[in-house]
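Read through the structure below, which is laid out as structure tokens, and then see the notes.
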Amino acid sequence: MSNYKLTEEGEKYLKEGLPEKNLVVFLNSLPQKTATIGRTFSKVKNYPIALKWAMEKGWVMKQADQLTLLKPPHETAEEAALKKIHEGKKIDEKILNVLMQRNLVVKVSETFVKTEKELAKTGNVIGELTYEMMVTGLWKGKKFKQVDVETTRKKLPKRISPGKRQPYNQFLMYVREKLVKLGFKEMTGPTIETEFWNFDALFQPQNHPARDWTQIYSLKYPKEAGRLPAKNIVERVKLTHENGWRTGSTGWGYKWSSEKASQLMPRAHDTAITPRYLVKGVDIPGRYFDMVRCYRPDVIDATHGVEFIQTGGIVVAKDLNFRHLLGLLKQFAVEITGIKKVKFFTDYYPFTEPSVQISGEHPKLGWIELAGAGIFRPELTEPLGVKEPVIAWGFGIDRLAMNALKVNDIRELFSRNLEWLKNQEFRYAKA
Amino acid sequence: MPKLEISQSDLCSLIGKKIPIESLKQNILYAKGEIDGVEEDTLKVDLKDSNRPDLWSAEGIAREIKGRVTSKVGLPEYKIKRGNLVVHVDKKVSRVRPLTVCAVVRDLKINKQVLSQMIQLQEKVATTFGRNRKEVAIGVYDFHKIKPPITYTTVQPEGIRFVPLEFKEEMTPKEILERHPKGKEFGHLLSGYNEYPIFIDSANQVLSMPPIINSDHTGKVDEETRDVFIECSGYNFKFLVPALNVIVSALADRGAKIESVKVEYHNKSVMTPDLLPKKAVVDIDYVNKVSGLKLKPKDIVKLLLQARYNPVIKGKRIEVHYPAYRQDIMHPRDVVEDVIISYGYNKVEPLPIKYKTLGKMNEMEEASEKIGRIMSKLGMQEIMSYTLTNKDHLFRKMNVKEEKIVEIENPVSANWNIFRNWMIPSLMEFFSNNQHVKYPQKIFEIGNVVAVDEKQETRTRDIRKLAAAIADSKLGYHDIVAVLDGFMRSWKKKYRLRKTSHSSFIEGRMAEILVDKKTVGVIGEIRPEVLLNWKLEMPVCVFELEIA
């Protein structure tokens, strides 16, 4: 039993008697063997502990304000055990557990010895409170070292910050969720595309200036061509370019090359995704959107990146017309940017006719361009097997994000500045 | 989209009516233009339609506005006087630059405005419509300095000498390609040929070497010039004819007189220019179906007249004649747009689309968003990087051997010429940009990498990944495992770590991450050599894994 010893409290009780014992001795000394709580409190040390244990052991009874003795005082097992431990003798395990629970006895473990030594080194002043101090109880009665509670914040060895989402990404998700609420399904496609999906399927002729090497990236590797879709689709696209096929168009009147169409390139615009879906078959009526990275060999400046995100999509349904096109754009302006005052401008896109651009009056920036749209040309939809009118639209999502995040340089959307990212407070503000 | 500069007073005089700037801003929509800036009399115009070269000058814009704001509607009329000039086309040009169409325009009243519009239009047509002079090169010459007839032929690179525009000395074609700025800019259009095309007159004066440069003597037009000879050369009449028509129509709009030229090929001869109006037919129902407007036939006729068409109602259809300078009309749909433009976009009442459809986010984006939320709750800051990078970042700095990678052939910058095939270099680069910021730095990114995959139809495959990294003054493998473990438990994926090695990581302090017995990523402590490559002084621990 040498690895157990009395705590300070244990030592005290050994000398002075257990509090509950002292309580019954006091009551027993009175002629009526009873007293008020007030009186007892002033006469007995550690009164709350004394009362708790005396009641638990059935030595006293409490009635209203009165304590009455039930059993006269006698020698207890705890007292005997405290004595034995003090003398280094063995005691019964049951009693040991009770005493340890009452924190009158502690196990003199390695931890105890070590912690006691460490505490001695600091002059028994606690620096950091530890688990060991807690389990050994060695904290009891010790002083805590005072810390500079006011200036500590200035000399933190490690700061913590909340993890935040990237603000541009958050803006994109805001727009994405809006579009989903408006009934749009998200489309995706591969980063590296064939020119076929990028241009040919969109009825953009192979000698179009937008397909010039100065306008689009080409690949050094993989250099080999990609694969074209089903033969009948390719044939119809080819004929439509050459002579209009059955679309009622004159076509572009040149010799279409499947070799050119199967060249691989990084996607130059988000619309490249759409024709794949038109060929696979879309829901009618259907609303679709995309939000993808696009790549163009632009000289990088405040408004141009080599890599940027575009958002666009389609609405396809029977009997859609130009008025619906304007209606859709107006809905976007209101729902996504919160701008209600809008104007429409004539515009041109190689794959839509009629085409339109919408601008809106921003409360701070004045009139800004919001989106461009049009009805896909029949030369685009018919070869891909779609008979219904298809409205195609696209936002200047990077411009909208720049407005929402109050940045003037498109490169900041992909910010490399940790401080800035940490300090952004983007609250799904309207653009 | 062509950007033009035009003079407001010149534009108004072409329209024949004074129009204040505020209404010009509205009216220019008829010509698909937007006034981007006003500096005294100069209007900066963004001309949206890159397929309507006829609109790329004050004359063309004026034509469209005139139809809407004055009584001058319907087809603009152009008279061509039969001229005597003959241009012989030598069979030899068929190997180099086979075709030309020509015109003579007389009685020009050239002032500064006219000259600048002429030069601007010629430049825009050759650059944008003519595909940087490949499809259309345009030459304009002082007719009186030419001794007809003219021959379009070829010469050997050192077979002739003439003074090119803006130069003082005679040069051979070869020297021009080597030394003249235009020769350097457009020389590639003649590379591979052993003879170069030239226009030359009967006195052996060189007019020009298309598509490079005019001669300084004949090919210079100034305010004194009265009559000009114009040629367009290229490969396809589909480009050449409209280009010439656009130029001569613009000059004729200012009162000049067009004269035809006989162009003699070895097997045929053609009279150019041809300004006969072209014809198209549109169903009345189709106009209303596409526009959503309920227009009566006579309304459509009125709107088409304003758009400078000559329409005639034929039963349920309208037959239209439109000007020869327009090459953009391929389908009745193109005519419908002009009807709506005449009607006025801002007078059309928008109609909401009533159909109900169910929206849905792409699953990968949904998963990414969920992952982003978990990671940020673990105290990690999200970043977003370009997927484009360079070999120095992807391989050398990471101490990794070069491998097959998707690479760009025509990069604008050496910083962005390949697609990343793993994420960690983007995070390292981010750290190296933020060494002045307090540590610890804890970042993550969710994004795509592009892998070479020959089995795919595009020979590549996008892979969505999550990568996370910590940089701190004291850091251990366990710190990053704690993040991975925290993430995996929230993401509800069972995972295992298996010891492996990788040249970017400290030996014995890295593992591969396995989910369902499949390797999905790596985790570990970055090698000090790699840290130094990024000029980092703080230890870095990272992981990256594929999101399936």
Can you name the helices (runs of 4 or more DSSP H) wholly within the stretch B:265-366 that have at least 2 residues being within 9 Å of chain A (Cβ to nearest Cβ) and aliphatic (A, V, I, L, M)? B:332-343
Is there a residue in the stretch B:463-478 that is within 11 Å of another protein chain (Cβ to nearest Cβ), surrounded by fewer than 15 Cβ atoms within 10 Å (Cβ to Cβ), under 27 Å from B:GLU537 (Cβ atoms) and over 47 Å from the mean Cα position of the chain (by Cα)? yes
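Conditions (1) surrounded by fewer than 18 Cβ atoms within 10 Å (Cβ to Cβ); (2) within 27 Å of the chain's Cα centre (by Cα), marked per residue:
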position	(1), (2)
B:SER191	yes, yes
B:ASN194	yes, no
B:SER208	no, no
B:PRO211	no, yes
B:ASN214	no, yes
B:HIS217	yes, no
B:LYS220	yes, no
B:GLU231	no, yes
B:GLY234	no, yes
How many residues are under 38 Å from the mean Cα position of the chain (by Cα) and more than 7 Å from chain B (Cβ to nearest Cβ) when one looks only at the stretch A:180-198? 5
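For the stretch B:421-434, enumerate the residues that are outside any helix (DSSP H, G or I) and either at the interface with chain A (Cβ under 8 Å from one of its Cβ atoms) or under 13 Å from B:MET538 (Cβ atoms) (or both). Give the steps one after another, and end with the answer.
Going through the stretch B:421-434, the residues outside any helix (DSSP H, G or I) turn out to be B:421-423, B:433-434.
The answer is B:ASN433, B:ASN434.
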Residue under question is B:GLU77, and the condition is that it be within 18 Å of B:TYR322 (Cβ to Cβ) and within 30 Å of the chain's Cα centre (by Cα); does it hold? no
What do you reckon, is A:ILE391 in a strand (DSSP E or B) and over 25 Å from B:TYR355 (Cβ atoms)? no
Contact list, first residue from the stretch A:185-205 and at positive phi, second anywhere and crowded, with 24+ Cβ neighbours inside 10 Å, beta-carbon distance below 6 Å, six or more apart or interchain, is A:PHE203/A:ARG377; A:PHE203/A:GLU379; A:PHE203/A:LEU380
If you take the residues in the stretch B:495-530 that are under 22 Å from B:SER426 (Cβ atoms) and basic (Lys, Arg), which one is surrounded by the fewest Cβ atoms within 10 Å (Cβ to Cβ)? B:ARG509
Checking the condition touching a Cys at 6+ places or on another chain (Cβ under 7 Å), outside any loop (DSSP other than H, G, I, E, B) and assigned by TED's automatic domain parsing to the domain that holds B:ILE138, which residue from B:VAL114, B:VAL87 passes? B:VAL87
Select, from B:VAL400, B:VAL483, B:VAL412, B:VAL437, the only residue that is under 22 Å from B:GLU512 (Cα atoms) and in a loop (DSSP other than H, G, I, E, B). B:VAL400
I'm told B:LYS25 meets every condition in (1) at pLDDT 95 or above; (2) in a helix (DSSP H, G or I) except one. Can you identify the failing condition by its number? (1)
Mind listing just one residue for me: the one in the stretch B:308-328 that is hydrophobic (A, V, I, L, M, F, W, C) and crowded, with 22+ Cβ neighbours inside 10 Å and, of those, nearest to the chain's Cα centre (by Cα)? B:ALA324
Residue pairs within 8 Å by beta carbon, gap of at least six or interchain, first lying in the stretch B:383-398 and under 16 Å from B:PRO528 (Cα atoms) and modelled with pLDDT of 95 or more, second among the β-branched types (Val, Ile, Thr) and part of a helix (DSSP H, G or I), listed first then second, are B:LYS397/B:VAL530; B:MET398/B:ILE424; B:MET398/B:VAL530
Can you confirm whether the stretch A:322-339 contains a residue that is over 15 Å from A:GLY396 (Cα atoms), part of a loop (DSSP other than H, G, I, E, B) and facing chain B (nearest Cβ under 7 Å)? no
Assess whether A:LYS45 counts as being exposed (fewer than 15 other Cβ atoms within 10 Å of the Cβ) and outside any loop (DSSP other than H, G, I, E, B). no
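The values are calculated or read from the model by the stated rules, or taken from the named source; none is laboratory data. As the structure is a prediction and not an experimental result, all values here were calculated from the model. Cβ atoms come from the backbone with ideal geometry, glycine included; neighbour counts cover every protein chain shown.
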